[in-house]
Amino acid sequence: MTPKYIFVTGGVTSSLGKGIIAASLAKLLQARGYSVTIQKLDPYINVDPGTLNPYEHGECYVTEDGAETDLDLGHYERFLNIPTSQANNVTTGRIYQHVITQEREGAYLGKTVQVIPHITDEIKRRIKLLGDTGKFDVIITEIGGTVGDIESLPYIESVRQLLWEMKEEDALVIHLTLLPYLSSTKELKTKPTQHSVKLLLESGVQPDILVCRTEHAITKEMRKKIALFCNVDSNSVIEALDVPTIYDVPLMMLKEKLDKTVLSKLKLSAKNEPNLESWKDFLTRHKNPKNEVRIGVIGKYVELPDAYKSIIEAFIHAGATNEARVRVQYIHSELLSEENAAQKLADLDGILVAPGFGERGIEGKINAIKFARETGVPFFGICLGMQMAVIEFARNVLGWKDAHSTEMNPKTKHPVIDMMADQKNITKKGGTMRLGSYVCEVTKGSKAYQAYEKTKVNERHRHRFEFNSKYLKDFEAKGLQITGVNPETKLAEIVEIKNHPYFVGVQFHPEYKSTVLNPHPLFVKFVKAAVTYSQA
Ligand code: GLN
C-alpha cells in the first residue's frame, strides 16, 4: 500500500510532549497491526546532537547503526520495540550540509540555491526516505520546535507542499497545543490554541487533529468551541490530560479515540481492536510494586534528569519486571568526597555511575565506586562509569595511586584507560567516536551471563577510550575480571568483581536498548540485586 504520512507539530509552548504523543499514536496503530515508524526533524544547525552538551538538549541517544540522535528516538524505540536508524532523525544542519555539498559538486550549476525549493526539496526527500523503504504503512514525522519559530519555517513549508502533492487520504497534520488553566477564574483558555492554529494557517497548513494538553478535563462545549474556531471536526479535538506516567498516554489516547480518528481520515480500516495486553500487564506491574529500592545515579548532569533519560526509563522497565518501585536518587558527583561518600550513599540499595566526558566530577564517581566495592552495595557502571571502576580498582586495590584515564590525565604512569588505537589520529569531533552496535562475547558463569543467558550479545556504544589490555593480568590476579570482550578487537566490554553481590561495569550503553516489552537484562539483574540487598 502507499505509505501514509502523519505530521506532528507543536504550538503555544515547547515541552508539551510531542514525542510521547507521536509514540503513543504509533503504539496504537502498531497494536492494530500496522507497521509504523517515527521520525524527528530538528530545526537546529548542529548536524547531530552528538556535539551538544546534555544541558542543552538532554541525553544524546544512539541507534543500532551508530547515529547520535535526539532523545525522542529513545521514546520511539521504548514504545514500539523496533529499532530506529540514521534516517529517523534529521537536523537543519544535516539538510544544509547535504545541499551545500551538492552545490560544490555542481549539482545545481547555473542556479541560485535557495531555501525554496532546494532546502525544502531536501527536507521532503528525507521525509519520504522511510516511506520509500516499503517497510512501513505509516510514517509519523515529528517537527521539532514550536510553530512560529523562525527556524521551523522551512519544515512547515515542506509539510504544506507534501500535503498539496499527496492525496487527501495519504497525509494529515496533528497539532499539539496547550490549554492553560487560570486558577483565579478557574477556567481553561482556548485563545493560545486558536492563535497557534492561525500561525499554522499563515503558512498554509490546516491541522486535521488538535491534541490539547490540559490539567483539567475539557467539556463538550469547549471541544465544540475549539473545533469551530480552529476549523476541525469536534471529534478531532483530543484531550491530553496530565497523567502519572508517560506509559499511560497510549491508553489515554485510545480512550480519546485518537487512533480511530486518524485511521478514518487516512481511509485505513480499523482492523482488529488494538492488542495492548503486554503493555497493560507492564503498567499493572509498574503501578503495583511489592518492593521498593533506592538507587543512586551518580553523575555531573543531575540538575537535568533528561540527561539520563534512557537510564531512568530502563529502571522503570526493570523495576516492573522485579515488581519493585525504583526510587532514583540523583547525586552530584562533584559533591562526593572520600570523607562524605559513606554518609551520602548510606541509604542506597544500589549505585549506578553514569556515562560522561571530561574531568568534572570524576573523583566523586571514583569515591562512590570505592564505597560500593568495599561495602557490597550493588554497583552498575556504564561507559565512563565502567572506566572509573577500573581506575578505582587500580588505585585502591593494585595500589597504583596515579592510575587514570588518558582522557583526564594524559601523563599518568598507569594509563589503565587509554584512547582506542583507531581514535588516535582523529581530530574532528562530530560523529567520530566508536558508535553503534558491536558484538560482545560474554563469559559463561559470569554475572553478565546470568543476566543475558547467552554468550553472544549486541550492544550500542559511544566512546573513544577503552580498558588498556596491557594491564589485564594485574587486574585479573586481584579479582577484577573481564567477562565480556569484542571478539574482533578483544576490547574489554564488561568488567566484574567476583566476590561481590553485584559489581558490573560495561563499556557499552545497555540503557539504549531497554524497552517496555524487552527490559534490559543487566538492568533487571541490577534491580534484583538491589531488592535482595534492601531485604538483607
Ligand atoms: N569519555 C569516555 C570515552 O570517551 C566515556 C564515554 C561515555 O561515557 N559515553 O571513552
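Could you tell me whether residue 435 is in contact (Cβ under 8 Å) with a residue 60 or more places away in the chain, among the aliphatic types (A, V, I, L, M) and more than 12 Å from the ligand (Cβ to nearest atom)?
Values: in contact (Cβ under 8 Å) with a residue 60 or more places away in the chain: yes; among the aliphatic types (A, V, I, L, M): yes; more than 12 Å from the ligand (Cβ to nearest atom): no.
No.
Out of all the residues in segment 350-377, which are more than 25 Å from the chain's Cα centre (by Cα) and either away from the ligand (no atom under 16 Å from the Cβ) or free of Cβ contacts under 8 Å to residues at least 60 places away in the same chain (or both)?
At the first step, the residues of segment 350-377 found to be more than 25 Å from the chain's Cα centre (by Cα) are 363-364, 366-377.
Matches in segment 350-377: 363, 366, 367, 369, 370, 371, 372, 373, 374, 375, 376, 377.
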Discussion item. Any residue in segment 393-410 that is away from the ligand (no atom under 16 Å from the Cβ) sitting within a Cβ distance under 8 Å of a residue that is open to solvent by 40 Å² or more (accessible area, probe 1.4 Å) and of a type in the set (S, T, N, Q)? List the pairs, counting only those 6 or more apart or interchain.
Written reply: 402/409
Worksheet item: Got at least one residue in segment 438-460 being within 15 Å of the ligand (Cβ to nearest atom), surrounded by fewer than 20 Cβ atoms within 10 Å (Cβ to Cβ) and part of a loop (DSSP other than H, G, I, E, B)?
Response: no
Item to complete: Residues being more than 15 Å from the ligand (Cβ to nearest atom) and assigned to a loop (DSSP other than H, G, I, E, B): count how many of those fall in segment 461-499.
Response: 7
Discussion item. Just to verify a result, which residue in segment 216-255, among those that are of a type in the set (Asp, Glu) and closer than 19 Å to residue 196 by Cα, is nearest to the chain's Cα centre (by Cα)?
Written reply: 239
Fill in: residue 97, sole failed condition from (1) farther than 29 Å from residue 274 by Cβ; (2) touching a Phe, Trp or Tyr at 6+ places or on another chain (Cβ under 9 Å); (3) part of a helix (DSSP H, G or I)
(2)
Discussion item. Can you report the number of residues in segment 416-432 which are within 12 Å of the ligand (Cβ to nearest atom) and over 27 Å from residue 94 (Cβ atoms)?
Written reply: 3
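Please verify whether residue 146 is among the β-branched types (Val, Ile, Thr), surrounded by fewer than 22 Cβ atoms within 10 Å (Cβ to Cβ) and outside any helix (DSSP H, G or I), treating the condition exactly as stated. Before the answer, list the steps.
Working: among the β-branched types (Val, Ile, Thr): yes; surrounded by fewer than 22 Cβ atoms within 10 Å (Cβ to Cβ): yes; outside any helix (DSSP H, G or I): yes.
Criteria met by residue 146.
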Discussion item. Go through (1) at pLDDT 95 or above; (2) open to solvent by less than 50 Å² (accessible area, probe 1.4 Å); (3) away from the ligand (no atom under 16 Å from the Cβ) for residue 337 and report which single condition fails.
Written reply: (1)
Worksheet item: Any chance segment 39-49 includes a residue that's out of contact with any helix residue (DSSP H, G or I) (no Cβ under 8 Å at 6 or more places or on another chain) and open to solvent by 10 Å² or more (accessible area, probe 1.4 Å)?
Response: no
Discussion item. So, restricting to helices (runs of 4 or more DSSP H) that lie completely within segment 151-266, which ones have at least 1 residues that are of a type in the set (Ser, Thr, Tyr)?
Written reply: 153-165, 191-202, 258-265
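The values are calculated or read from the model by the stated rules, or taken from the named source; none is laboratory data. Small disclaimer: the values here were computed from a predicted structure and weren't measured. Cβ coordinates were reconstructed from backbone atoms using ideal geometry, including for glycine residues, and neighbour counts include every protein chain displayed. Note: areas computed on protein heavy atoms with side chains; ligands, DNA, RNA excluded. Shrake-Rupley method; radii C 1.70, N 1.55, O 1.52, S 1.80 Å.
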